[in-house]
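Reviewing the structure listed below.
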Amino acid sequence: MTALGVAQIVLLLAVVVGCAIPLGAFIAAVLSGRRTFLSPVLGPVERGLFRLSGIDPAHGMGWRTYTVALLVITAVHTLLLYAILRLQFYLPFNPQGFTGMSPRLAFNTAISFATNTNWQAYSGETTLSNGAQMLGLTVHNFVSAAVGISAAAAVSRAFSPASKGVLGNAWADITRIVLYVLLPISLLMTAALLALGAPQTLLGSVTVTTLEGVKQVISIGPVAFQEAIKILGTNGGGFFNANSAHPFENPGILSDLIENWALLLIPFSMPVMFGLLAGRARDGMALLATMALLLTGFALLLYAAEAGGNPLLHALGVSNLGGNMEGKEVRFGTALSSLFAASTTATSTGAVIAAHDSLMPLGGLVTLFLIQLGEVIPGGVGSGLYGIVVFALLAVFVAGLMVGRTPEYLGKKIQAKEVKLAMLAVLILPLSILGGTALSLNTASGLGSLANAGPHGLSEMLYAWTSATGNNGSAFAGLSADTPLLDYGLAIAMILGRFAFLVPVMAIAGSLSLKQSLRPGAGTFPTDGALFVGLLAGVILILGGLQYLPALSLGPLAEHFAMLAHATY
Amino acid sequence: MNASTSQPDTASPALFDSGMLLRATRDALVKLNPVHLIASPVIFTTEIIALLVTVLALNDVVTHQPAGFAFQVAFWLWLTVLFATFAEAVAEGRGRARAESLRRGRTDLKAKLLVSPDRNALYRPVSATELRRGSVVLVEIGDLVPSDGEVIEGVASVDESAITGESAPVIREAGGDRSAVTGGTRLVSDWLVVKITADPGQTFIDRMIGLVEGASRRKTPNEIALDILLAGLTIIFLIAVVTLVGLAHYSGSALAVPVLAALLVTLIPTTIGGLLSAIGIAGMDRLVRFNVMATSGRAVEAAGDIDMLLLDKTGTITFGNRMATAFMPAAGISESRLATAAAMASIGDETPEGRSIQAFARTRFSVDPARPDDAQTIPFSANTRMSGLDAAGRSWRKGAVASVLANLSGAKPAGFDEIVDRIARAGGTPLAVTEDGVLLGVVALSDVVKPGIRERFASLRKMGIRTVMITGDNEVTAAAIAAEAGVDDFLAQATPQDKLDYIRREQTEGRLVAMCGDGTNDAPALAQADVGVAMQTGTQAAREAGNMVDLDSDPTKLIEIVEIGKQLLITRGSLTTFSIANDVSKYFAILPAIFVATYPGLAALNIMRLHTPQSAILSAVIFNALIIVALVPLALRGVAYRPLGAAALLRRNLLVYGVGGLIAPFIGIKAIDLVLSFLKVA
């Protein structure tokens, strides 16, 4: 670990938080239908879209209608994407003449992009046409991100004393998020990436003569724009198989800093939006502080694990200077690779600039654990916010009892119904992650997918199920994922991780929004101070740790101790 | 009221005594019945697992395999369950003694059922169990009141010691605020015609018996929520442990069922799961010891939540009886002459006012006249509205200004009306004083705030509860007393409708309101309040409208009720936190123990340096069982509540039960491991 590396990590996170606060306020204003600096330009477009589609933004929805709207738009887009993937041969912009995806892979991919997971059991540049990438994947990057943010907005509104059962209008929210937030920032990012060297073209490939005089075909395509929303919407599905480690997706150190900033930006703005929509700005900042503190801690932990390098290589006389560089780009180095790995797993993005399979055992443990914590620090766009609200409810429930009052969060009493729904949501995650891993490690098909044996193999399989359930989408690699077991199994995990969590949370929002808002008094446990930040962080860590420590001890921990004893797998 | 009855320490018996423990042990065994245990999901799960391990251990014996370890695990798992049922049995046992004495008073009550609601009507003797709501009965001197009811005719003194423990009889009369009678109390004078207001089995005493026995106990809303949380955690750990079989199998290690059972039971929140119902029963019991009857546990929980307390001024904040606070002489008369005359007029006057005048004259002017030998006391009468003393041809009188003026021989001194006005405006009562028919001046009587009440309100404020005084006085008087008593707000010249409106307004603003009252006109406000405490001396209407009845009729008891409600929640929260925090240490004990054979490196996680894998697992299980018993006294007594702000309280409890819960089991498990290895058990 070097001071420079630590400074890089801490500084970038500080810049992210600094930008996320005004962005959160902006998103809250947009979703409340207030005038913003973009209204003169986008206002007419917005009104035109609403008139065209018959949306009345003032028509509020209850939690059921709102949830159904989110499910319907996801279902329609999943079918649409499935059709595009299967039929890409017959669709325009297919210069390489790629044939359609197999039904199984198309099913897995459609669900993966619709759930904001972007798990890729294929290589983009050798499987998908430019048309499928643009019309299929890029469009869905927008839709799935907007669905997540609007769900977060609905949950935020539930805490407002004015909500009275109404959580907003889902169609208006999705439209406004895309129009005012995702599109403008993506366009700015696209411009930056283009300037830094990312391609944006309808050509499929270029053929060049290398210095050695050999002809080489290099895949290109409409990369820059897809890259922008892939990062911004915490989607993570790369144009190329190498994802953001590919020089066309991430040309250099500057583009890397921009991408790392952008993938954290909206997730960190969500608690600010939450506070403003709920009418409790300070409580939103407490959630932001919890997220920022935990992420900084884990990023530094990951950096520490990587910067130390591999003691086995060191023993062979290989320099450890620069830390563990296996699977990392020399352009980015250990510190930024560690920060990106922590950011991408903590945000459910899943884009990678380094191979997570090649992280040190403890580094891999951090990435796994960050997803297993429930993707809440800060989590995916929107999903991280409604996830951390569930943890906040559970934390307040136990802590609230300790101050001798029926627990309440932001003035809403937490009673049996909310606890039941929160536990239901939380239960799904270990069931899918641990159940899926245990099951596949005991089938011939699952074992056949593993590239490594022993604890490292366990980590690979655990990572796949963790990533799918957490809607992260990054892969530990070293796993052949396009098998019937994993294609179908992980698709189910993705659906569970997204909707078996979202629906109970929306039901909680519905229940809370109907409750009377209690005034905070001296006897009310304050949820906007340092004590609550510490408590919430503790609850997230302990709850996550208690669920996954046994599995982690058989994976990365066993590997770590084995490594210290000079054994490899 | 009798001050000592509100002190729980004097009323509370020792936490345990041997006879009770014996009975509790027997009950604990009966409670092992799974049908009973299913109400507590965590302990039910533990019992199933204990059964499973026992069966497997027996199977090992039959198939001649070593079964010693499995039996040891099974033994401690059964003890875990037994300790949990024991905790509940002990809690119930403490309420039972009181229930027995109540029940004794209730059996074979006889009633005189009147054919028509008239004292002189014919009656026929029936058993109290035949009485229904609406029956009219005659109760005469020496009779036990057969059931709860409302006096519709007559006045009588009633000995209510059977329910209040207070031996002084109280007056019950038709009309007014003292018309309610309770079944099981005894008439010590006169007669009453009573209209029955409760069907058999639903009388006040029946409800009390149900409450203290815990038989009619239903889970409170918060308890249900907590139960769901615990059940959810149990399922999560079930998932973690069951899937671990698959992961371990892949890793090449086969996990034996007793080991998995040990891991699961030590992880699921058995500590709080086992103590939860004991905490609830003990909380109710604590309330009963304070002589407060709650209609439901829900009301007790709500008491912990209240933000605002509405108190009647008279009798609660002030003494109610008016006391002398100033002598205001007429022009030309000295203050000490007036004091002497007033003191003379009060000799032999044993009313609170009379005594207060004497006391005030003594302390302020050192005037303490002796009673003349031939003195004749003229008592106060509603007719004359004066009292005084005649001796040796002289006379001293004090009384209502109008009556005194009417009987005045001389002229009214100049400026007298201004003095009277001034006292009245300040909320006081003027008493005119004459000596030999000459008007000397006025004694100002005013309400006096109870000593110590200011401190009680201050401690309520620290709990986050605002106090509001309700009074029929005018604004000026109310403001003066409010400032003196240190209440946060007051409602002057309050009508019953004003009270109701005030409560409604606070509730719509999101506050929870408690109030206490006794009169029929308080009933709507009592019903509207989130916590309504009716006084035992109050009317039946008030008692039905409220959700608690204070047997001592002490309105400031609300403070204790709030504390008990809070203590109940704090105890649950603290033990839940403790239970969950304990889990961390159990991983460090059990995980290295079960995987060290497969991955020797994991021995590094055995930070407690436990001797053998078997002793590590057993130590965790034994600690998990013993901690339940160790915490039974705390569960019954409740975690101490301090009137601190919420943040300070949380910081304290998190430190004790959260951080303490993380550290304590490391020490405990290590200690048990040392004992086990010393005994060579494992």
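The values are calculated or read from the model by the stated rules, or taken from the named source; none is laboratory data. Quick caveat, the model's predicted, so the values are computed rather than measured. As a convention, Cβ positions derive from the backbone with ideal geometry for all residues, glycine included, and neighbour counts pool all protein chains shown. Ligands, DNA and RNA are stripped out before the accessible areas are found, and what is left, the full protein with its side chains, is counted by its heavy atoms. Shrake-Rupley method; radii C 1.70, N 1.55, O 1.52, S 1.80 Å.
For the pair the stretch B:363-398 and the stretch A:379-439, the centres of their Cα atoms are 75 angstrom apart. Under 18 Å of direct C-alpha separation, and excluding same-chain neighbours fewer than eight residues apart, residue B:670 reaches these aspartates and glutamates: B:583. So, R0 is 60 Å and r is the distance between the beta-carbons of residue B:116 and residue B:334; what FRET efficiency does that work out to, to 0.05? Once rounded, the FRET efficiency stands at 0.35. The Rg/Rh ratio of the stretch A:371-480, with Rg taken over Cα atoms and Rh as the Kirkwood radius over Cα pairs, comes to 1.13.
The residues neighbouring residue B:333, those whose beta-carbon lies less than 14 Å from its own, together hold a net charge of -1 under the Lys/Arg +1, Asp/Glu -1 convention. A cut-off under 12 angstrom between Cβ atoms defines the neighbours of residue B:237, and their net charge, with Lys, Arg +1 and Asp, Glu -1, is 0.
To the nearest 10 square angstrom, what accessible area does residue A:568 show with a 1.4 Å probe? For residue A:568, the solvent-accessible surface is approximately 110 Å². According to the square roots a ≥ b ≥ c of the eigenvalues of the Cα gyration tensor, what is the shape class of the stretch B:345-449, taking rounded for a/c under 1.5, prolate for a/b larger than b/c otherwise, and oblate for the remainder? Oblate shape, in that a/c is at least 1.5 and b/c is the bigger or equal ratio. Helix B:496-508 axis versus longest C-alpha principal axis of chain B: approximately 30°, rounded to the nearest ten.
Spatial offset of the stretch A:53-117 relative to the stretch A:216-241 amounts to 18 Å, using the alpha carbon center of each. If R0 is taken as 56 Å, the Cβ-Cβ distance between residue B:659 and residue B:30 corresponds to a FRET efficiency of 0.90.
Would the protein assembly as shown count as rounded, prolate or oblate if I go by the C-alpha gyration tensor, calling it rounded below 1.5 in a/c and otherwise prolate when a/b exceeds b/c, oblate otherwise? Judged from the Cα gyration tensor, the protein assembly as shown comes out prolate (a/c at least 1.5, a/b above b/c).
Shown is the FRET efficiency for residue A:39 and residue B:509, computed with R0 = 41 Å from the Cβ-Cβ distance and rounded to the nearest 0.05: 0.70. Of all lysines in the structure, those lying under 28 Å Cα to Cα from residue B:195, and not within fewer than 8 positions of it along the same chain, are B:110, B:112. Backbone phi angles across the stretch B:361-375, fed through the Karplus curve with coefficients 6.51, -1.76 and 1.60 (θ = phi - 60°), yield HN-Hα couplings of 5, 5, 6, 8, 10, 6, 9, 9, x, 7, 6, x, 4, 8, 5 Hz in residue order; Gly and Pro are listed as x. Per-residue mean of foreign Cβ neighbours for B:306-314 is 1 (Cβ atoms of other chains, 10 Å radius). How fast does chain B diffuse by Stokes-Einstein, in µm²/s, taking the Kirkwood radius from C-alpha pairs at 37 °C and 0.692 mPa s? Diffusion coefficient, whole number: 111 µm²/s.
Derived scalar couplings between HN and Hα for the stretch A:118-130 equal 6, 5, 10, 8, 9, 9, x, 6, 10, 10, 10, 6, 4 Hz in order, rounded to whole Hz, by the Karplus curve 6.51 cos²θ - 1.76 cosθ + 1.60 (θ = phi - 60°), x for Gly and Pro. Annotation: amide H of residue B:378 within the under-5 Å range of B:388, B:389, B:390, sequence separation 5 or more or interchain, hydrogens built in the peptide plane. For residue B:429, the residues whose amide H sits under 5 Å from its own are B:445, B:446, ignoring neighbours fewer than 5 places away on the same chain, with H placed 1.01 Å from N. Near the amide H of residue B:191, within less than 5 Å, lie the amide hydrogens of B:155, all on another chain or at least 5 residues away, with H placed in the peptide plane.
Other residues lying with their Cβ under 9 Å from the Cβ of residue A:477 contribute a combined charge of -2, Lys and Arg counting +1, Asp and Glu -1. How high is the relative contact order of chain A, given as a whole-number percent (alpha carbon pairs under 8 Å, six or more residues apart)? Contact order relative to length: 19 percent. Helices of chain A meeting both criteria, an alpha-carbon length of 27 angstrom or more along the long axis and an average Kyte-Doolittle score not below -0.5, with helices taken as full DSSP H segments, are A:3-31, A:63-87, A:139-158, A:253-278, A:281-307, A:383-402, A:416-440, A:530-552. Using the rule -39500 (n - 2.57) for each DSSP H run of four or more residues, divided by the residues of chain A, the 222 nm mean residue ellipticity is -20000 deg cm²/dmol. The three principal axes of the C-alpha atoms in the stretch B:536-637 carry coordinate ranges of 75, 19, 18 Å, sorted with the longest axis first.
Considering only protein heavy atoms and a probe of 1.4 Å, how much of the accessible area of chain A is carbon and sulfur, as a whole percent? In chain A, the share of accessible area belonging to carbon and sulfur is 70 percent. Per residue, chain B exposes 40 Å² of solvent-accessible protein surface, assessed with a 1.4 angstrom probe and all protein chains in place. Taking only the Cα atoms of the stretch B:236-361, the ratio Rg/Rh comes out at 1.56, with Rh defined as the Kirkwood radius. The order of the peptides A:51-61, A:456-466, B:219-229 by mean Cβ neighbours within 10 Å, most packed first, is A:456-466, B:219-229, A:51-61.
Modelled spin-label separation between residue B:604 and residue B:254, with each label point placed 7 Å from Cα along the Cα-to-Cβ direction: 3.0 nm.
Summing both sides, the accessible surface hidden between A and B at a 1.4 Å probe radius is close to 5000 Å².
Modelled label positions at residue A:330 and residue A:90, each set 7 Å beyond Cα in the direction of Cβ, lie 4.9 nm from each other. The C-alpha atoms of chain B define a longest principal axis, and helix B:221-250 lies at about 10 degrees to it. Extending 7 Å from the Cα toward the beta-carbon at both residue A:567 and residue A:318 defines two label points whose distance is 2.1 nm. For the set A:164/B:462; B:313/B:557; B:313/B:566; B:462/B:566; A:164/A:417; A:413/B:566, the pairs lying more than 21 angstrom apart at their alpha carbons are A:164/B:462; B:313/B:566.
For the stretch B:354-386, backbone nitrogen atoms closer than 14 Å to the point 7 Å from residue B:407 Cα along Cα-to-C-beta are found at B:376-386. Taking every protein chain into account, the accessible area of the stretch A:440-560 amounts to 26 square angstrom per residue (probe 1.4 Å). With 40 Å² as the minimum drop in accessible area between chain alone and full protein complex (1.4 Å probe), the qualifying residues in the stretch A:544-558 are A:546, A:549, A:550, A:553, A:554. Enclosing the Cα atoms of the stretch B:602-660 in their convex hull gives a volume equal to 100 cubic angstrom per residue.
Hey, what did chain B get for relative contact order, percent, Cα under 8 Å, at least 6 apart? Normalised by residue count, the contact order of chain B is 14 percent. Using heavy atoms of the protein chains and a probe of 1.4 Å, the accessible area assigned to residue A:36 is about 20 Å². Put A:19, B:516 in order of accessible area, highest first, and with a 1.4 Å probe you get A:19, B:516. With Cα atoms as the point set, the radius of gyration and Dmax of chain A evaluate to 22.8, 78 Å.
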